[in-house]
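Everything below concerns the one structure shown next.
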Amino acid sequence: MTRSKIILCRSAALIAVLSSVAPAQTLRELAQKRGVLIGTAHSGRTSDTEYLDLMGREFNQVEAENATKFGPIHPAEDSYNFAPVDTMVEYAAAHKMRVRGHVFVWHNQNPKWITDGGLSPEQLAAALQKHIATVGGRYRGKIFAWDVVNEAFLDNGSLRDTVWLNKPGIGLNGTKYMEKSFRWAREADPDAKLFYNDYSAEGVNAKSDAIYEMAKDFKKRGVPIDGIGLQAHLRLSAAGNLASIEANIKRITELGLQVHITELDVRIPVDASGKASESDIEAQAKLYGAVASICLKYPLCTSIQTWGFTDKYSWIPRTYPGFGAALLLDRAFQPKPAYKALLDALAATK
Ligand code: G3I
């Protein structure tokens, strides 16, 4: 081969690599054209510059995977750990990204002083109100939407027993403790959009029925709720549930509430080295594309967020041994078919 031919081949190969890594248009450019937000959870790996660069290039919304939860941000009664959140908020501002907040009221990742501190319902209510006022107030105007309550219902639609409801609870029955939390959140930041967020409630089922009824009741009585977060931690079997997911998004938006897809990932079986089969990777891409396309059909479905964006940092393998490869980029930050499917869904004409 001549020298010029070698150079030509090399450049073609380089262009191919670059275009697979840096597409003509990024997710966030396409999302912006559609007027929607495309987000990712931020794992907090602030020393991984490649990770941070890619996140800023591809997404226009970010949410802390852990740092804004009660335990991480408020570990002791008089001590707050704002630094990691401040860093994320600064990063988001520098990259012109919106920030979602997650979460004020949850049964999980609460600090010991809340769960084992022997607080009475009155003390617990005061602690929660102060927490929401302090954290919500600090990020007023910086965090545009909050998951006020997360995962308060069980799959059968009944209320989960939690430290906030009844163990010992803040002294309010049924959904009243959530109502109070939404009111406190509105006081803390009158401009933030306030969400109820849950998993396994993407389609129409007993849990999403209960959430829908609560939201309807809140809307009717002027309790300040602005939207429902559908986590969407999916398996490939969700492909059989797409009509139901659409029906649920439709009924929520018909209440005048927004929908945010908040934690989208699609876990698939992997071998010991973390490798998935080609056919599962293709099916996964289809599912990502389908969920995004459904959301994009509804003007009030305003945000599509994945729970991380690289398989390098994902909660799945730790929690579901034998599963993984759930995100858009692989562990070496190379785009997977799911990334392309999301690009295509965002690029599709309405
Ligand atoms: O920060 C500590 C660290 O100090 C310690 O050395 C290490 C030892 O295991 O643990 C670290 O905390 C872990 C934390 O993630 C940060 O990495 C916790 O053990 C671990 O339990 C925690 O997992 C998080 C999980 O929520 C907790 O329930 C996941 O990262 C996070 O992805 C996951 O996110 C949830 C959403 O908030 C709600 N919806 C479901 C979703 C997935 O479970």
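Nothing in this text is a laboratory measurement; each read-out follows from the coordinates by a stated rule. In this text the structure is predicted, and so the values were computed from the model without any measurement. Ideal geometry is used to build each Cβ from the backbone, glycine not excepted, and the neighbour counts take in all protein chains shown.
Computed quantities for the displayed model
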item: Nearest 10 degrees, 0 to 90: helix 121-138 Cα axis against the chain principal axis; result: 40
item: Relative contact order (percent, whole number), region 95-177, Cα cutoff 8 Å, 6+ residue spacing; result: 43
item: For Trp106, Trp164, order by how many other beta-carbon atoms lie within 10 Å, fewest first; result: Trp106, Trp164
item: Cα long-axis angle, helix 83-94 against the chain (0 to 90 degrees, to the nearest 10); result: 50
item: Mean-position separation - Cα centroids, region 256-327 and region 172-233, in angstrom; result: 24
item: Counting DSSP beta bridges with both ends in the chain, the antiparallel % (nearest 5); result: 10
item: Computed lengthening from Gln25 to His107, 0.36 nm per intervening residue step minus Cα-Cα distance; result: 25.5 nm
item: Among Asp265, Asp147, Asp161, residue whose mean-square fluctuation peaks in a GNM of the chain (springs only between Cα atoms under 10 Å); result: Asp161
item: Order of Phe82, Phe218 under a 10 Å beta carbon neighbour criterion, fewest first; result: Phe82, Phe218
item: Estimated dipole of region 271-350 in Debye, rounded to 20 [Cβ of Lys and Arg +1, of Asp and Glu -1, Cα centre]; result: 240
item: Pairwise label distance in nanometres, Lys33 with Thr134, each label 7 Å out on the Cα-Cβ vector; result: 4.6
item: Highest-MSF residue in the chain out of Lys312, Lys142, Lys207 [GNM, Cα springs under 10 Å]; result: Lys312
item: Helix 337-347 vs. the chain, principal-axis angle (Cα, 0 to 90°, nearest 10); result: 80
item: Given Lys33/Lys250; Lys96/Lys297; Lys130/Lys207, the pairs whose alpha carbons are separated by over 27 Å; result: Lys130/Lys207
item: Choice from Ala292, Ala94, Ala325 with maximal GNM fluctuation in the chain (Cα, 10 Å cutoff); result: Ala94
item: Relative exposure of Glu246, Glu202, Glu263, Glu122, judged by other C-beta atoms within 10 Å (fewest first); result: Glu122, Glu246, Glu263, Glu202
item: Separation in nanometres of the label points that stand 7 Å from Cα toward Cβ, at Ala247 and Asp217; result: 2.3
item: Ellipticity estimate at 222 nm from DSSP helix runs (n ≥ 4, -39,500 (n - 2.57)) divided over the chain, nearest 500; result: -13500 deg cm²/dmol
item: Percentage relative contact order, region 27-347, counting C-alpha pairs under 8 Å, at least six apart; result: 16
